[in-house]
Amino acid sequence: MGILQARTLERYPTVEKRAKVFNGASYVPVPEDGPFLKALLFELRLLDDEKDFLESRDSCSHINKTSIYGLPVGSEELWPVVAFLKNGMIYACVPLVEQTLSPRPPLISISGISQGFELLFGVQDFLSSGQKNDSELNTKLSQLSDLLLQTCPFGTLLDANLQNSLDNINFASVTHPQKQPAWKTGTYKGKPQVSISITEKVNSMQYDKQEIADTWQVVGVVTCKCDLEGSMPNVTISLSLPTNGSPLQDILVHPCVTSLDSAILTSSSIDAMDDSAFSGPYKFPLTPPLESFNLCYYTSQVPVPPILGFYQVKEEEVQLKIAVNLKLHESVKNSFEFCEAHIPFYNRGPITHVEYKASFGQLEVFREKSLLVWIIGQKFPKSMEISLSGTITFGAKNHEKQPFDQICIGGTAYLKLHFRILDYTLTGCYVDQHSVQVFASGKPKIST
């Protein structure tokens with residue numbers, strides 16, 4: 001297993017030797033740091049000179065939904081590579097596959113992949129916790145090699161909690177009066193506290209056509225961090241909905257959850273005829289791991305999208321006339337961390353002139369990128385409706401620099417809305433801190 005950190009690959013020769021034995025003729029060695037990083041950036045579309053459409057990487061048959069990639073190494077392919085981008089940093093590892101790679105085995109049969117994800121999430125949690133500036137981040141990056149020796153000796157994952165390992169290095173090792181489970185190599189020492197947060201993302205496609213139905217769906221994740229003393233503390237976390245809240249569906253839970261009401265597991269968004277959706281409360285008894293973890297994922301079909309939009313484009317020679325209307329639904333909290341609309345113009349030359357009228361907010365023009373960004377700000381006006389209209393003039397095309405897309409031609413132009421609302425969920429889902437039950441020593445501080 002290799003870990004990508006600060007552009008350096010942490011290598012385990014013992015794992016490489018085992019991979020040669022298990023993979024046989026299908027074995028592909030991990031390349032040097034430079035070629036590996038270049039291949040990974042190429043696959044993640046992060047190289048400035050690789051923005052064009054490539055069949056081998058960008059076709060619909062290669063849509064990646066797993067964060068697991070195959071990287072070209074000469075005439076061969078290095079697979080599987082677990083990689084994801086988070087907060088401006090790439091986290092990547094190459095798990096050991098204890099079988100031949102040809103034919104390619106199903107992902108569910110490769111235990112190294114789940115261990116790789118667990119380790120990378122542990123590294124991410126360690127780097128992001130308590131970080132306030134670049135110097136603190138650099139300090140933590142410099143500690144990674146030593147911590148990986150403790151948590152992942154000879155490439156075998158023992159503990160994904162790097163902070164716990166750091167505490168054990170800095171302070172005397174702790175004797176455990178209670179028997180420790182094999183999967184939990186350390187215990188927490190300090191003030192007991194439980195932190196729970198809910199993040200919901202809404203994906204919506206609006207066409208403003210009778211023959212094409214608009215679609216929208218909410219995807220939520222509940223993230224927890226339980227700092228509790230003892231080897232096996234028990235916690236019960238309950239999610240609640242308001243009286244008119246949209247039921248949670250397609251619920252997936254973390255393996256640390258010890259039992260679950262069958263009604264929670266059977267509520268599915270696939271069965272459109274099922275009107276017996278479970279509306280909670282959703283109780284999750286669990287024995288939490290040391291690191292931060294995602295307690296559960298869920299989906300929900302809310303009655304309406306949070307923002308309704310209308311976008312019209314009319315072409316007149318080298319000019320385009322656009323009209324945009326946006327309306328915030330009355331049930332949605334009118335307080336944004338940010339809200340902006342991106343209006344790209346593919347397959348055209350640079351923007352040379354813009355005349356516009358905005359009822360609210362301000363417009364920024366990125367001429368070379370052929371992009372308009374309508375910055376709406378932190379609030380909609382009292383009417384909850386805003387509009388933008390204008391005329392855009394374009395210069396001659398330059399395919400080397402201008403954004404090009406083989407799909408977004410003519411009537412397939414679009415407007416993309418980006419926004420974030422703090423302390424609010426679209427479903428109304430919440431955690432009442434008084435309903436959180438903790439069976440461990442000390443009275444924990446609970447924050448939700």
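The values are calculated or read from the model by the stated rules, or taken from the named source; none is laboratory data. What you are looking at is a predicted structure, and each value in this text was computed from that prediction instead of being measured. Ideal geometry is used to build each Cβ from the backbone, glycine not excepted, and the neighbour counts take in all protein chains shown. The area values use the complete protein model at the heavy-atom level, side chains included, leaving out ligands, DNA and RNA. Shrake-Rupley method; radii C 1.70, N 1.55, O 1.52, S 1.80 Å.
For the reader, a short list of remarks on this structure follows.
- For the range 408-422, residues that are at pLDDT 70 or above and more than 19 Å from the chain's Cα centre (by Cα) total 5.
- Residues in the range 237-256 that are open to solvent by less than 20 Å² (accessible area, probe 1.4 Å) and in a strand (DSSP E or B): ILE237, SER238, LEU239, ILE251.
- Members of the range 333-342 found to be buried (at least 17 other Cβ atoms within 10 Å of the Cβ) and assigned to a loop (DSSP other than H, G, I, E, B), listed by number: PHE336
- Residue check for ILE113: open to solvent by less than 70 Å² (accessible area, probe 1.4 Å), among the aliphatic types (A, V, I, L, M) and part of a helix (DSSP H, G or I): yes
- Of the residues screened, ASP125 is not one that is in contact with a helix residue (DSSP H, G or I) (Cβ under 7 Å, 6 or more places away or on another chain) and open to solvent by 10 Å² or more (accessible area, probe 1.4 Å).
- Residues of the range 15-34 classified as modelled with pLDDT of 90 or more, surrounded by 14 or more Cβ atoms within 10 Å (Cβ to Cβ) and not aliphatic (A, V, I, L, M), total: 7
- When residues of the range 35-70 are limited to those that are small (Gly, Ala, Ser) and modelled with pLDDT of 80 or more, the one most open to solvent (accessible area, probe 1.4 Å): SER67
- Candidates THR243, THR266, THR223 - the one that is among the hydroxyl-bearing types (Ser, Thr, Tyr), in contact (Cβ under 8 Å) with a residue 40 or more places away in the chain and not assigned by the TED database to the domain that holds SER128: THR223
Yes/no per residue for (1) under 27 Å from VAL202 (Cβ atoms); (2) hydrophobic (A, V, I, L, M, F, W, C); (3) not assigned by the TED database to the domain that holds LEU417:
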| site | (1), (2), (3) |
| --- | --- |
| ASN334 | yes, no, no |
| LEU363 | yes, yes, no |
| ARG367 | no, no, no |
| LEU372 | yes, yes, no |
| LEU388 | yes, yes, no |
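- Scanning the range 419-448 for residues that are hydroxyl-bearing (Ser, Thr, Tyr), open to solvent by less than 90 Å² (accessible area, probe 1.4 Å) and assigned to a strand (DSSP E or B) yields one hit, SER447.
- SER102 being surrounded by fewer than 16 Cβ atoms within 10 Å (Cβ to Cβ) and under 25 Å from the mean Cα position of the chain (by Cα): no
- Identity of the residue in the range 311-331, open to solvent by 60 Å² or more (accessible area, probe 1.4 Å) and over 25 Å from THR352 (Cα atoms), that ends up modelled with the lowest pLDDT: SER331
- Total residues in the range 376-402 satisfying the condition of being open to solvent by less than 60 Å² (accessible area, probe 1.4 Å), in contact (Cβ under 8 Å) with a residue 24 or more places away in the chain and either assigned to a loop (DSSP other than H, G, I, E, B) or touching a Cys at 6+ places or on another chain (Cβ under 8 Å) (or both): the figure is 6.
- Each residue in the range 343-375 was checked for being open to solvent by 80 Å² or more (accessible area, probe 1.4 Å) and either in contact with a Gly (Cβ under 6 Å, 6 or more places away or on another chain) or part of a loop (DSSP other than H, G, I, E, B) (or both), and 5 pass.
- Against the conditions (1) open to solvent by 50 Å² or more (accessible area, probe 1.4 Å); (2) part of a loop (DSSP other than H, G, I, E, B); (3) touching a Phe, Trp or Tyr at 6+ places or on another chain (Cβ under 8 Å), SER279 satisfies every one except (3).
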